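Visitor: The structure under discussion is supplied below as structure tokens; questions concerning it will follow.
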């Protein structure tokens, strides 16, 4: 009889372990996994925090000349008069004759990624006349310009007098 009682106690102990200890062990393992995930998130947060501080330090140490260059690249607000000055300068430098320069406000275009940056633009359309060499010079200056822009159309026509007429249109971006 004592053997049967010992056997029953052993079976009851096994059932108790099965009922209570294994679920507790699973719960402990799940908690450890969550704790590891939290440590990983904390590490990523600290890394991003360090990157943010580094970016702020770099921003605060920008030279005034570099800041002016950055504002020329991407002005904080739309300034059509600056675009007129920009185009008149490069047209003069390339010795072209300006037929027409039109600047209009563009539409906002959201960037494809998930961040909050929105590209705001001013549309431009430029029509000039001059020699082939002058036209190449103008297009090189537009291409190598520090201003952030997309040229969406170029139409070049050879005139009867041997000169070229070019129509250049696109978008110049500003601000955030």
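Visitor: Find the residue count for segment 123-138, including only residues that are surrounded by 15 or more Cβ atoms within 10 Å (Cβ to Cβ) and without any contact (Cβ under 8 Å) to a residue 24 or more places away in the chain.
Guide: Total meeting the criteria: 0.
Visitor: Across segment 119-136, what is the number of residues that are touching a strand residue (DSSP E or B) at 6+ places or on another chain (Cβ under 9 Å) and farther than 17 Å from residue 81 by Cα?
Guide: Matching residues across segment 119-136 total 9.
Visitor: So, of the residues in segment 79-106 that are at pLDDT below 80 and within 12 Å of residue 170 (Cα to Cα), which turns out to be surrounded by the most Cβ atoms within 10 Å (Cβ to Cβ)?
Guide: Filtering segment 79-106 for residues that are at pLDDT below 80 and within 12 Å of residue 170 (Cα to Cα), the one surrounded by the most Cβ atoms within 10 Å (Cβ to Cβ) comes out as 106.
Visitor: Could you please find all residues in segment 144-169 being modelled with pLDDT under 90 and part of a strand (DSSP E or B)?
Guide: Listed by number, the residues that qualify are 149, 150.
Visitor: In segment 146-167, what residues are surrounded by 16 or more Cβ atoms within 10 Å (Cβ to Cβ) and either more than 27 Å from residue 78 (Cα to Cα) or out of contact with any helix residue (DSSP H, G or I) (no Cβ under 7 Å at 6 or more places or on another chain) (or both)?
Guide: The answer is 149, 163, 164, 165.
Visitor: Right, here's the next one. What single numbered condition from (1) more than 20 Å from the chain's Cα centre (by Cα); (2) in contact (Cβ under 8 Å) with a residue 60 or more places away in the chain fails to hold for residue 74?
Guide: (1)
The values are calculated or read from the model by the stated rules, or taken from the named source; none is laboratory data. Just so you know, these numbers come straight off a predicted model, no measurement behind them. Quick reminder, even Gly has a Cβ in these numbers, built from the backbone with ideal geometry, and neighbours come from all protein chains shown.
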